């Protein structure tokens, strides 16, 4: 039994036929794939991630979570699903609710009609995760496929087996407070993917690439894209000169890596996922040069991984803080420059 498996509950089953569940690298791209497959359109996770412009970076020192500056490695939760569906020509629906009762009723009605439903949740209340993995984060996406009494059948794409969640806990997860509060956020593919022609994957890939390239290089503010990575490098490198003690420095470093590695797969993982998308996009768009950019994205992912390992060693006292901060700043400055170059090149390639 894996750490995520649960004992079989008599009488629990999914009332309608769905494709076999997938295990994904990232929750929202995985949920998007699950819902599209349930509607009859089989796409890979890298395609969903790239078409939905999932890759991004934000560092906003003036916005704090638990007293620490926000660093995000992905697009705003909820946007990937909507953009992927729109660019593939698939009708989708998403809404929030003021009332918990209305949110539960809407979920139950869709399930009764045989519709697989996506939800945004707070991972703290999803007790199928081991306790060590549960923390207050309102951006985790799951698929609900059925209900039996007070228990819901759940497909969580980052878990390796179908699981269940009690109705009360699921409601708490849907209405948790704090940043990105989900307010019962529910989304689904509104109709089966029945068309007289297949979606234009090439055009969808180009649309996703254009937006990603623009956001990573063209937003004229220092908090976003490659500029945001450079800002993070400067801020972390200057912490000692701004009076931060060792404990504060460790807290800020650990928070960045936690956002990178635990809340999604933000640094290296997203770059590897984006590289896989570029490989597929090279085929669908007829632009073989994209495959070369895929190798560059993979190499950048390796540097993000080096950054995470270095910070982990610093936080555990295995790396001198002063020397480590100098290396941290150098690595992030390098990543900022390389991502700026990569996405500028991609922007030129797809215009």
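A short reminder: the numbers here are calculations on the coordinates, not readings from a lab. Since the model is a prediction, treat every value here as computed from it, not as a measurement. Note that each Cβ is placed from the backbone with ideal geometry, even for glycine, and that neighbours are counted across all protein chains shown.
In this simple spin-label model, placing a label point 7 Å from the Cα along the Cα-to-Cβ direction at both residue 96 and residue 302 gives a separation of 4.3 nm.
Taking 0.692 mPa s as the viscosity and 37 °C as the temperature, the Stokes-Einstein diffusion coefficient of region 154-255 based on its alpha-carbon Kirkwood radius rounds to 171 µm²/s.
Spin-label model, residue 110/residue 181: points 7 Å from Cα along the beta carbon direction are separated by 2.1 nm.
Of all the options 66, 84, 296, the one that moves most in a Gaussian network model of the chain with Cα springs shorter than 10 angstrom is 66. For the chain, the longest principal axis of the C-alpha atoms and the axis of helix 79-88 are separated by about 70°. For the chain, the spread of Cα positions along the three principal axes, ordered from largest to smallest, is 60, 47, 39 Å. Using the average count of surrounding beta-carbon atoms within 10 Å as a protection proxy, the listed peptides 300-307, 272-279, 113-120 rank, highest first, as 272-279, 113-120, 300-307. When the alpha carbon coordinates of region 201-349 are projected onto the principal axes, the ranges are 52, 29, 22 Å, largest first. Take each peptide in 204-210, 155-161, 127-133, count the other Cβ atoms within 10 Å of every residue, and average; sorted highest first, the result is 204-210, 155-161, 127-133. Estimated at 0.36 nm per residue, the fully extended path between residue 323 and residue 86 surpasses their Cα-Cα distance by 80.5 nm. Measuring spread by the Cα atoms of region 125-173 yields a radius of gyration and Dmax of 10.4, 28 Å.
In the chain, the longest principal axis of the Cα atoms and the axis of helix 289-315 are about 70 degrees apart.
Compared with the dominant principal axis of the Cα atoms in the chain, helix 246-261 is inclined by about 40°.
What full-extension length gain, to one decimal in nm, is calculated for residue 221 and residue 238 as 0.36 nm per residue of separation minus the Cα-Cα distance? Numbers along the way, then the final one.
Details: separation 17, 0.36 × 17 = 6.12 nm, distance 2.01 nm.
Difference between extended and current length: 4.1 nm.
To the nearest 500 deg cm²/dmol, what mean residue ellipticity at 222 nm is calculated for the chain from DSSP H runs of n ≥ 4 alone, each contributing -39,500 (n - 2.57), summed and divided by the residues?
Details: 11 runs with 170 residues, N = 351.
Here the helix-only value at 222 nm equals -16000 deg cm²/dmol.
Counting other C-beta atoms within 10 Å, which of 80, 18 has the fewest, and how do the rest follow?
On the way: 80 28, 18 17.
Fewest-to-most Cβ neighbours within 10 Å comes out as 18, 80.
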